[in-house]
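Structure first, then comments.
The values are calculated or read from the model by the stated rules, or taken from the named source; none is laboratory data. Every value quoted in this text rests on a predicted model; they were computed, and no experiment measured them. Cβ sites come from the backbone with ideal geometry, for glycine too, and all protein chains shown count toward neighbours.
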Protein chains: 2
Amino acid sequence: MKIICSRENLLLGVNTVQRAVATKNTMPILQGIKLKTENSSLWFEATDLEIGVRCKIPMEVKEEGEVVLPAKLFSEFVRKLPDSDIIMESIDNNVAIYYNNSNFVINGYNPEEYPEIAYINSAETIEIPAAVFKKMIRQTIFACAVEETRPVFTGILVEVENENMSLVSTDSHRLAYSKVILPNNEKNFKGIIPSKTMQELLRLLDDDEILTVQYNNSKIIFKFNSCQILTRLIDGQFPNYQQVIPQSCNTKLLVNCKNLLDTVERASLLSRDNYLKINNVRFNIEDSILNVNQYSEMGKISEKIEIEKEGENVAISFNAKYIIDVLRTIDTENIVLEASGSYSPCVFRPENEQNYLYLLLPLRN
Amino acid sequence: MKIICSRENLLLGVNTVQRAVATKNTMPILQGIKLKTENSSLWFEATDLEIGVRCKIPMEVKEEGEVVLPAKLFSEFVRKLPDSDIIMESIDNNVAIYYNNSNFVINGYNPEEYPEIAYINSAETIEIPAAVFKKMIRQTIFACAVEETRPVFTGILVEVENENMSLVSTDSHRLAYSKVILPNNEKNFKGIIPSKTMQELLRLLDDDEILTVQYNNSKIIFKFNSCQILTRLIDGQFPNYQQVIPQSCNTKLLVNCKNLLDTVERASLLSRDNYLKINNVRFNIEDSILNVNQYSEMGKISEKIEIEKEGENVAISFNAKYIIDVLRTIDTENIVLEASGSYSPCVFRPENEQNYLYLLLPLRN
């Protein structure tokens, strides 16, 4: 392999694939980035066997070839390169990098031992505007479970049925649901995508791109610009979320999103250091006022927020963190909150937007 | 105590004193910030008994008084306050804070138990332009020892003798020395100031201010704007640094600062993961070239930098970190490097600047 390139192009490739490099894996070669020429381009590739990311950067290729370089050393070195012409030349498994009057050799891995990322080229293709998909990811990803005791909860369920696409996530305490219309789509897909993959899509996708999705029963590949992200789908049965979404309510509020967020954030300061690690916040809804009255050994808070209310008065407690998460995501001025007594699931919706809802179980206290 | 104020003013006070709050101290009250009215102002005060910071912010005072509030809760709460008028009123040791239609009570400490910071009002006063002092701190603070086995190495020696002021720091491997002329000064001072205090001065001083320094045998106070930083001086004998600074050299180089920094940073990538935790970099100075040729199990580097040289050729090794530290501080285009063989201390100076030098012991390898 022999290529001529710029620091900027090397950095672009490294930054794109870097998060897919394995951080804790028993196969040392997975801590590497694979570089492979193809005509007048260089492919950058990394995988931890769960997610694979690759991207293609145009470069002057003098000799075809491939190498696998340790990601940490290679990326730090690229950051410290001068802005001059750079020549990279492989010597067995290693690479010599020439710049100014100097050269740096990085000892690499045997590229034949690097696992092949089995890219799929299925005929099943769905196209989604990137800005739409990114918004849906942001609206749902925070409700994924972090702990891996139940794998299906660590991903986002994506369902496409002709023109309807929905994303759903839950950690069993709360559920986020976002849907959209995909005009003219006739394809169907259902699969649970790991949240790490979704996070990478958020990071790498530009709003004005079109995302192309290809898939089979166990894998999905996202293509955009010169990048490809391949990921396995999470095995298992996603809970039947439709049946837990309440179809009616006894109390319905309209409340200013920012006021509610500020109040909950202040209230949560008082309970933050307690042993349960749960920041309990209690809403007392009385006529046109949402009251928060709480105390701990640190102090106390008493706040009132004006609301519009239909239905019964109610007192209801939540984990403050779960409310803060959704209020930071919603971008409408007001939200609608639907409750049915103190112990039934509560629904949060952006005002006048039917495409999103957030279901939250109250705390019993 | 009863005051009317804005979020902005509370935040200014809290941010100024916050770093002086004790983080690990057996006296819980030292985790507090003391607030005390004085005429139409509120004093904010914090101390960990080593350093004390206080600042005075103008406010509308309705009733005189003082309180001590837990710093973490108070500062986080202030950050989350709305931009409306705020009333703070003490109730015994606690404070009720009123905003919009709401209120928040923070349980405080008994202010009578808060240690008095014994501010000194000595007649001995030195005035220093803040920009000058900040530059000198930046040029020396990185060479202070982090470990506290020898306390004198954890501070910066400040010496004022009439119109001459110097700052010196050393961790026994290297020494940084900066001097300046203080026109018309007739006062003398010599003391070792903890690096934490110097760090706070860097953070809080604005370049266009004049710093007023008052002192006695064991303490020093820095006054600027509406702030005061009081600190004890570090006890002990600072090494006689004058006698270790070489008066002559066998090799003298002129080298571009950025080129040398880039080369050393790249070379240090190769040795970073070794067991000694020392990034060895070796300069081979031959005629008009500074060569760096190194290898490790990760790879190898070969670089050449053009230099101007007087005197003998020499090969000399350093801890790369100690070179990176000084090269990041020096702001001239070129530096002068003075060596005398492979094992004698080496001197780094900014080109054409007689007010700064950095002395570095070579590694023996």
* Asked: Scanning segment B:318-365 for residues that are among the basic types (K, R) and in contact with a Leu (Cβ under 9 Å, 6 or more places away or on another chain), which turns out farthest from B:L270 (Cα to Cα)?
  -> B:R349
* Given (1) buried (at least 21 other Cβ atoms within 10 Å of the Cβ); (2) touching a helix residue (DSSP H, G or I) at 6+ places or on another chain (Cβ under 8 Å); (3) within 12 Å of chain A (Cβ to nearest Cβ), number of the condition B:N279 does not satisfy -> (3)
* To do: Considering (1) surrounded by fewer than 18 Cβ atoms within 10 Å (Cβ to Cβ); (2) without any contact (Cβ under 8 Å) to a residue 24 or more places away in the chain; (3) at the interface with another protein chain (Cβ under 10 Å from one of its Cβ atoms), say which one A:D262 fails and leave the rest.
  => (1)
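Among the residues of segment A:161-170, is there at least one that is crowded, with 17+ Cβ neighbours inside 10 Å and assigned to a loop (DSSP other than H, G, I, E, B)?
No; the residues of segment A:161-170 include none that is crowded, with 17+ Cβ neighbours inside 10 Å and assigned to a loop (DSSP other than H, G, I, E, B).
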* **Check on A:I307, surrounded by 13 or more Cβ atoms within 10 Å (Cβ to Cβ), more than 22 Å from B:R79 (Cα to Cα) and within 14 Å of another protein chain (Cβ to nearest Cβ)** => yes
* To do: Filter segment A:91-109 down to residues that are in contact with a helix residue (DSSP H, G or I) (Cβ under 9 Å, 6 or more places away or on another chain) and assigned to a strand (DSSP E or B), then give me how many there are.
  => 7
* Structure fact -> Of the residues in segment A:6-63, those that are out of contact with any helix residue (DSSP H, G or I) (no Cβ under 6 Å at 6 or more places or on another chain) and either among the aromatic types (F, W, Y) or in the same structural domain as A:L230 (by TED's automatic domain parsing) (or both) number 1
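Name the one entry in A:V53, A:V68 that is more than 24 Å from A:N101 (Cα to Cα), within 14 Å of chain B (Cβ to nearest Cβ) and in a strand (DSSP E or B).
On the way: A:V53 fails: within 14 Å of chain B (Cβ to nearest Cβ).
Testing whether each residue is more than 24 Å from A:N101 (Cα to Cα), within 14 Å of chain B (Cβ to nearest Cβ) and in a strand (DSSP E or B) leaves just A:V68.
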* **Number of the condition not met by A:S172 [criteria: (1) in contact with a strand residue (DSSP E or B) (Cβ under 9 Å, 6 or more places away or on another chain); (2) of a type in the set (G, A, S); (3) within 16 Å of A:Y358 (Cα to Cα)]** => (1)
* To do: From A:Y119, A:Y109, grab the single residue that is closer than 23 Å to A:L49 by Cβ, over 15 Å from the mean Cα position of the chain (by Cα) and modelled with pLDDT of 95 or more.
  => A:Y109
* Asked: Where residues in segment A:22-46 are part of a strand (DSSP E or B) and among the aliphatic types (A, V, I, L, M), which of them is surrounded by the fewest Cβ atoms within 10 Å (Cβ to Cβ)?
  -> A:L42
* Name the residues in segment B:255-272 that are in contact with a Lys or Arg (Cβ under 8 Å, 6 or more places away or on another chain) and closer than 25 Å to B:K179 by Cα, would you? -> B:L261
* Structure fact -> A:M298 fails exactly one of (1) touching a residue at least 40 places away in the same chain (Cβ under 8 Å); (2) surrounded by fewer than 20 Cβ atoms within 10 Å (Cβ to Cβ), namely (1)
* Asked: In segment B:185-202, which residues are buried (at least 22 other Cβ atoms within 10 Å of the Cβ) and polar (S, T, N, Q)?
  -> B:S195, B:T197
* Structure fact -> Apart from one, (1) within 30 Å of A:T263 (Cβ to Cβ); (2) out of contact with any Gly (no Cβ under 7 Å at 6 or more places or on another chain) all hold for B:A71; the odd one out is (2)
* If you scan segment B:115-155, which residues turn out to be aliphatic (A, V, I, L, M) and in a loop (DSSP other than H, G, I, E, B)? -> B:I117, B:A118, B:I120, B:A123, B:A145, B:V146
* Can you find a residue in segment A:31-40 that is more than 19 Å from A:E76 (Cα to Cα), of a type in the set (G, A, S) and more than 22 Å from the chain's Cα centre (by Cα)? -> yes
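Each row is one residue, and each column tells you yes or no for (1) within 14 Å of chain A (Cβ to nearest Cβ); (2) of a type outside the set (G, A, S); (3) surrounded by fewer than 16 Cβ atoms within 10 Å (Cβ to Cβ).
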position: B:I91; (1), (2), (3): yes, yes, yes
position: B:I97; (1), (2), (3): yes, yes, no
position: B:N100; (1), (2), (3): yes, yes, no
position: B:V105; (1), (2), (3): yes, yes, no
position: B:N121; (1), (2), (3): no, yes, yes
position: B:K135; (1), (2), (3): no, yes, no
position: B:F142; (1), (2), (3): no, yes, no
position: B:E148; (1), (2), (3): no, yes, yes
position: B:P151; (1), (2), (3): no, yes, yes
* **Single residue of B:E76, B:E112 found to be among the acidic types (D, E), outside any loop (DSSP other than H, G, I, E, B), away from chain A (no Cβ under 13 Å) and surrounded by fewer than 19 Cβ atoms within 10 Å (Cβ to Cβ)** => B:E112
* Asked: Do we find a residue being away from chain B (no Cβ under 14 Å), over 23 Å from the mean Cα position of the chain (by Cα) and not in a strand (DSSP E or B) anywhere in segment A:80-87?
  -> yes
* To do: Read through the list (1) under 26 Å from B:F74 (Cα atoms); (2) modelled with pLDDT of 95 or more; (3) not acidic (D, E), then give the number of the only condition that A:S271 fails.
  => (2)
* Asked: On the given criteria, is A:S296 within 14 Å of chain B (Cβ to nearest Cβ) and of a type in the set (S, T, Y)?
  -> yes
* From the set of residues in segment A:220-259 that are of a type in the set (K, R) and under 23 Å from A:Y356 (Cβ atoms), which is farthest from the other protein chains (Cβ to nearest Cβ)? -> A:K252
* **Options B:V326, B:V314: the member that is modelled with pLDDT of 95 or more, closer than 18 Å to B:S172 by Cα and either over 24 Å from the mean Cα position of the chain (by Cα) or surrounded by 20 or more Cβ atoms within 10 Å (Cβ to Cβ) (or both)** => B:V326
* **strands (runs of 3 or more DSSP E) wholly inside segment A:216-262 containing at least 1 residues that are in the same structural domain as A:F133 (by TED's automatic domain parsing) and out of contact with any Ser or Thr (no Cβ under 9 Å at 6 or more places or on another chain)** => A:227-232
